[in-house]
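Enquirer: Right, I'll just put the structure down here and ask away after.
The values are calculated or read from the model by the stated rules, or taken from the named source; none is laboratory data. These figures come from a predicted structure and were not determined experimentally. Neighbour counts are summed over all protein chains in view; Cβ atoms, including those assigned to glycine, are modelled from backbone coordinates with ideal geometry. Just the protein is used for accessible areas: all its heavy atoms, side chains included, with ligands, DNA and RNA removed. Shrake-Rupley method; radii C 1.70, N 1.55, O 1.52, S 1.80 Å.
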Amino acid sequence: MDGRMKEIGIGLLGFGTVGAGVVKGLQANGELVADRLGARPVLRKIADIDLERDRGVSVDPAVLCRDARAVVSDPSVDVVVELIGGTRVARELVLSALENRKPVVTANKALLAEHGPEVFKKAAESGVDLYFGASVGGGIPIIRALREGLIANRILSIRGILNGTSNYILTQMEEQHSSFERALGEAQQKGYAEADPSLDIDGVDTAHKAVILASLAYGFVVPMRSVHVEGVRNLSEMDIFNALALGYRIKLLAVVKEFGGDIEVRVHPALVPLDHVLASVSGVFNAVMVQGDLSGQTLYYGRGAGQDPTAGTVIADVADVVRNLVAGCPRRVPAVPLVRRGRRIRSMDEIQTRYYLRMSLLDRPGVLGQITSALGRHNVSIASVLQKEVRVGEYVPVVIVTHEAIEKDCDAALEEIQGMDLVGAKTVRLRIEE
Ligand code: HSE
């Protein structure tokens, strides 16, 4: 191709799984991308504290360095790609790059979810691009869809499987009868998990992503503290298989909904009917269903984690920044909606859904009657009951599926029930999303 093609210098911060993927991706497809853009992204610097480890990719030693700050201020670097992760060093470097009027591409969902207002403001003040496509959904262009393809829509709801590690664990537990620990170890080995895997299995990574999607949909950064977060860490095999017997599969879901002008943002495991499209999303795959008032339902599906898919999205962001630099139109697509409107975030007490309740009850006459009366007193109506003839000591597991109820009422009923001396271990309560 044209050797005189304009070159745009890229400075990469972080040479980990995704960073090495970006290097490999540019080596493999850089010319293809350059042909499509009419300009060539060129890796000028790569910073990491560990320069010894073999990443399975060869780079010119002259581009490698340990000093990320020097990369940010290097005049040959036009675009900063932040793939360090975490919220401390990454925040400082991203703010400093934006301050230096350098466009930033980042995959850092924690940074945006925890410090979004500060980072978005700095990008706007400096008048430069901030792209974060790989922060949600790995290889799926969901951010791009919300920022552009769905811009005409009022977003009614977003439901997503957004953590590849958790989904991989649930699939392995169901299909391979793997233990939770073994499945997590495999996810780590395959490069899906966060450096601190508790972010994956406690639902925090999904919550970060839910906050980013909600911010794009509703124009304000939902504070992390207002998001209800539960992960997959404490799910038991018994519930996975009970759910299947009842016609459901358990998935870790992010749910973002508009409700009478208010917003609901929550992350928790949920029973999804087996014929629901989200129930068929297995392994490391992610999927997001967006309900817009004009477009109706749209679905985005693909690999939610892993080196190559995530690198593909990072390079796509770099391509957008390169286009804008070449055309002289930075911020053609602003990072977040330009006019912010606050919304009330609904508390969990207010949500209305169906529930799966697994109780441990004494196997004696009249016990079920007392339980159903307590549920009824709190306006929780029963849809089905499943009692297994498997005793655990004096107790039998009883699974109750309810009709739609208000969470506050369900909590009150469970509190009353837990106080009864006919109840053993704490009741497992899971929500059902249809
Ligand atoms: N740890 C994340 C996941 C990586 O498992 O989905 C992608 O954000």
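Enquirer: Give, as a single signed number, the net charge of other residues whose beta carbon lies under 11 Å from the beta carbon of Gln307, with Lys and Arg counted +1 and Asp and Glu -1.
Expert: Numbers: positive: Lys24, Arg55, Lys190, Arg303; negative: Asp308.
Within the 11 Å Cβ shell, the charges total +3.
Enquirer: Sorted by packing (mean other beta-carbon atoms within 10 Å per residue), highest first, where do 161-172, 246-257, 343-354, 308-319 land? Don't skip to the answer; put the middle values down first.
Expert: Values: 161-172: 27.2, 246-257: 21.8, 343-354: 15.2, 308-319: 23.3.
Put in order of decreasing packing, that is 161-172, 308-319, 246-257, 343-354.
Enquirer: Across all directions of projection, what mean area in square nanometres is found for the Cα convex hull of segment 72-163? Don't skip to the answer; put the middle values down first.
Expert: Working: hull surface 27.1 nm².
Result: a mean projected hull area of 6.8 nm².
Enquirer: Still on this structure: Using a 1.4 Å probe on the protein heavy atoms, what percent of the accessible area of the chain belongs to carbon and sulfur? Present the calculation step by step, with values, prior to reporting the outcome.
Expert: On the way: 9120 of 18390 Å².
That share works out to 50 percent.
Enquirer: Can you tell me the length gained on complete extension of the stretch Asp275 to Met238, counting 0.36 nm per residue apart and subtracting the Cα distance? Can you show the working numbers first?
Expert: Details: separation 37, 0.36 × 37 = 13.32 nm, distance 2.09 nm.
Contour length minus Cα-Cα distance gives 11.2 nm.
Enquirer: Tell me which aspartates and glutamates have Cα within less than 12 Å of Lys190's Cα, excluding those fewer than 8 residues away on the same chain?
Expert: Excluding near neighbours in sequence, the set is Asp308.
Enquirer: Have a look at segment 73-121 and give its Rg and Dmax from the Cα atoms, expressed in angstrom.
Expert: Calculated on Cα positions, Rg and Dmax stand at 10.1, 30 Å.
Enquirer: Which is farthest toward the positive dipole end of the chain among Gln307, Gly14, Leu95, measuring Cα position about the Cα centre, with Cβ charges +1 (Lys, Arg) and -1 (Asp, Glu)?
Expert: Leu95
Enquirer: Want the number for His403 to Arg341: 0.36 nm per residue separation, take away the alpha-carbon distance, what's left?
Expert: Working: separation 62, 0.36 × 62 = 22.32 nm, distance 3.43 nm.
Gain on extension, His403 to Arg341, equals 18.9 nm.
Enquirer: What residue among Ala327, Ala214, Ala20 has the largest mean-square fluctuation in a Gaussian network model of the chain, using Cα springs under 10 Å?
Expert: In this elastic network of the chain, the residue with the biggest mean-square fluctuation among Ala327, Ala214, Ala20 is Ala327.
Enquirer: So for the chain: antiparallel DSSP bridges make up what percent, rounded to the nearest 5? Intermediate values should be presented prior to the final figure.
Expert: On the way: 51 of 75 bridges.
In the chain, approximately 70 percent of DSSP beta bridges are antiparallel ones.
Enquirer: Principal axes first, then extents: for the Cα atoms of segment 330-434, list largest minus smallest coordinate on each axis, whole Å, largest first.
Expert: 71, 27, 22
Enquirer: Ala70 to Glu7: FRET efficiency via 1/(1 + (r/R0)^6), r the Cβ-Cβ distance, R0 22 Å, to the nearest 0.05?
Expert: Working: r = 20 Å, r/R0 = 0.91.
My answer for the efficiency is 0.65.
Enquirer: Cross-link partners among lysines for Lys257, C-alpha distance below 18 Å, same-chain residues fewer than 8 apart left out?
Expert: Reachable lysines: Lys209.
Enquirer: For the chain, modelled as a GNM with alpha-carbon contacts under 10 angstrom, which of Gly342, Gly11, Gly369 fluctuates the most?
Expert: Evaluated over the chain, the most mobile residue of the options is Gly369.
Enquirer: OK, next. With every protein chain left in place, what is the accessible area per residue of the chain in square angstrom, probe 1.4 Å?
Expert: About 42 Å² of surface per residue is accessible.
Enquirer: Nearest 500 deg cm²/dmol is fine: what mean residue ellipticity at 222 nm does the chain get from its DSSP H runs of n ≥ 4 alone, each adding -39,500 (n - 2.57), divided by its residue count?
Expert: Value at 222 nm, helices only, nearest 500: -11000 deg cm²/dmol.
Enquirer: Cα centroids of segment 291-348 and segment 197-273: how far apart, whole angstrom?
Expert: One Cα centre to the other: 20 Å.
Enquirer: If you don't mind, another one. Within segment 1-54, report the GluC sites (Glu not before Pro) that DSSP leaves as loop and that have at most 10 other Cβ atoms within 10 Å. Don't skip to the answer; put the middle values down first.
Expert: Numbers: sites: Glu7, Glu31, Glu52; in loops: Glu52.
The qualifying sites are Glu52.
Enquirer: Select from segment 30-106 those trypsin sites (Lys or Arg not before Pro) which occupy a DSSP coil region and have at most 16 other Cβ atoms within 10 Å, ordered by residue number. Show your work: numbers first, answer last.
Expert: Numbers: sites: Arg36, Arg44, Lys45, Arg53, Arg55, Arg66, Arg69, Arg88, Arg91, Arg101; in loops: Arg53, Arg55, Arg66, Arg88, Arg101.
Here the sparse-neighbourhood loop sites are Arg53, Arg66, Arg88, Arg101.
Enquirer: Computed on alpha carbon atoms, what radius of gyration and Dmax characterise the chain, expressed in Å?
Expert: When restricted to Cα atoms, the chain yields Rg and Dmax of 24.0, 86 Å.
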